[in-house]
Amino acid sequence: MIAPDHDHDTNTSSYRLTVVSIGTATASAAKVIASGLNAPVEKVAEKLYRAPSVLAENLTQEMGQQLATLIQNMGIEIKIESNDLPPPLPSELFDIFYSNADIQYLPQIVEQLSPFLGVDEASVVSLLITPPAIILGSVSTATLSSLNNRLNFPGVTIVSSRPISAKYDLISSPLTMHQSQQLNRFLQRLQLSLRNNENLCLTNLDYSTAQSIWKHFGHNLPLKIINQEFYRYDLLLNSLPPPTEKAAQKYLQETIGISPDDYPSVQPHLPLVIKESMSHIDANTQEEEFAMNGLDIEKVNITFQRLRIQIHEAKDIAALNSLLQQLGLMDAPLKTLPYITRDTSETYARFAKYLLESSGASVSYQECAA
């Protein structure tokens, strides 16, 4: 049994159950607990994902012990407290974003996230390959810690952002003249104006301004409001350090493995991607570090990049057809090579490329419009 934090006379005292963390539990736990407490599932789920929070109160010690044991057996971290104690303060809430630089672990990540989020694996795949890949919104640091434990795979970065303190960009598809005038009239009241009529229109918006724009136009104009912390980047090496820059050459060799002997073979492929699918924070850090060491580096936002895959060679056309069908990247059966797949998100293209290369195919990317 789980002992209460404070020993009180069970005849006169009442107790409550405080969720410390969702722990190793899955989303189905909320349904079971809600049924037992005769409470709405949504309210129970909110308490689990925003822990620490009070799940039930005004219980006898015996009832509290029984419930706590049942809930703990689901993997939830919970404790019994006296109702006389101050309740836990409201948690600071975060939105959580996923980035994966080592794409081979995508199936394992999907397998972990599906029960945690309470959705089927196909829906999780769709979530992860649709930029930006926001896994959860308005959850506590306890849930963030639990998620980090579940997704402890090489290359996986879980980014948490406090929405109220983040900076946002407004991204728009082309607008009609009427839509543009309508939006600009509203922006003028905020002392803002569109920079152009396509792509990135406004940058560095605060939370209040971003919310105001979304509230008025998010559902009737082709707009996206993106938290800058949820962007993903590739890091490009634009040029090789000259022979006089020995320190830069040494740093490039130690960090990327490109030595001066490799320069003749590397030069034709510049600019060269040296880091893939980095989070906003990691990309900024790496960009500064490489620049400080004398390297010509460029950070490229790939969040909304669309890619096709060109297949140059393959060992088994029939097996290749089957794989492309499973991936959903072909319109008609492949008969001859080279072959170019339909376009998809950057994340899914990386996963498809990994599987195709693992099957023995020789492939490359073809970038297309976002």
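Within the range 291-321, can you find the residues that are closer than 25 Å to Pro131 by Cα and either of a type in the set (S, T, N, Q) or part of a helix (DSSP H, G or I) (or both)?
Asn301, Thr303, Gln305, Gln310
Restricting to the range 159-178, and then to whatever is in a loop (DSSP other than H, G, I, E, B) and over 30 Å from Asn149 (Cα atoms), can you tell me which residue is nearest to the chain's Cα centre (by Cα)?
The selected residue is Ser173.
Keeping to the range 174-188, report how many residues are polar (S, T, N, Q) and closer than 15 Å to Lys224 by Cβ.
Step one: list which residues in the range 174-188 are polar (S, T, N, Q), which gives 176, 179-182, 184, 188.
Narrowing the set further to residues that are closer than 15 Å to Lys224 by Cβ leaves 179.
Final tally of qualifying residues: 1.
As an exercise: evaluate Ile274 against (1) of a type in the set (Val, Ile, Thr); (2) in contact with a strand residue (DSSP E or B) (Cβ under 6 Å, 6 or more places away or on another chain); (3) farther than 21 Å from Val156 by Cβ and give the number of the one condition it does not meet.
With respect to (1) of a type in the set (Val, Ile, Thr); (2) in contact with a strand residue (DSSP E or B) (Cβ under 6 Å, 6 or more places away or on another chain); (3) farther than 21 Å from Val156 by Cβ, Ile274 is out only on (3).
For Gln267, state whether it is surrounded by fewer than 17 Cβ atoms within 10 Å (Cβ to Cβ) and not in a loop (DSSP other than H, G, I, E, B).
Answer is yes for this residue.
Being under 30 Å from Ile164 (Cβ atoms) and of a type in the set (A, V, I, L, M, F, W, C): is that true of Leu113 here?
On the way: under 30 Å from Ile164 (Cβ atoms): yes; of a type in the set (A, V, I, L, M, F, W, C): yes.
Spelling it out, Leu113 is indeed under 30 Å from Ile164 (Cβ atoms) and of a type in the set (A, V, I, L, M, F, W, C).
Being touching a Gly at 6+ places or on another chain (Cβ under 8 Å) and exposed (fewer than 14 other Cβ atoms within 10 Å of the Cβ) is the filter; apply it to the range 271-328 and report the residue that is farthest from Ser259 (Cα to Cα).
Only one residue fits best here, namely Asp316.
Can you confirm whether Ala101 is among the hydrophobic types (A, V, I, L, M, F, W, C) and in contact with a Gly (Cβ under 6 Å, 6 or more places away or on another chain)?
Taking the combined requirement at face value, the residue satisfies it.
Only one of (1) touching a strand residue (DSSP E or B) at 6+ places or on another chain (Cβ under 7 Å); (2) under 29 Å from Tyr168 (Cα atoms) fails for Asn284. Which number is that?
Going through (1) touching a strand residue (DSSP E or B) at 6+ places or on another chain (Cβ under 7 Å); (2) under 29 Å from Tyr168 (Cα atoms) one by one, Asn284 breaks only (1).
Can you list residue pairs whose Cβ atoms sit under 7 Å apart, with the first residue in the range 267-296 being in the same structural domain as Leu252 (by TED's automatic domain parsing) and of a type in the set (Lys, Arg) and the second being in a strand (DSSP E or B) and buried (at least 17 other Cβ atoms within 10 Å of the Cβ)? Count only pairs 6 or more apart in sequence or on different chains.
Within 7 Å, the pairs are Lys275/Asp234; Lys275/Leu235.
State which residue is nearest to Pro107 (Cα to Cα) when the search covers only the range 330-370 and only residues that are assigned to a loop (DSSP other than H, G, I, E, B) and under 23 Å from the mean Cα position of the chain (by Cα).
That would be Asp343.
What number of residues in the range 197-244 are outside any loop (DSSP other than H, G, I, E, B), free of Cβ contacts under 8 Å to residues at least 60 places away in the same chain and not polar (S, T, N, Q)?
The number of residues fulfilling the criteria is 14.
The values are calculated or read from the model by the stated rules, or taken from the named source; none is laboratory data. Everything numeric here is computed off the predicted structure, so don't read it as measured data. Note that we place each Cβ from the backbone using ideal geometry, even for glycine, and neighbour counts take in every protein chain shown.
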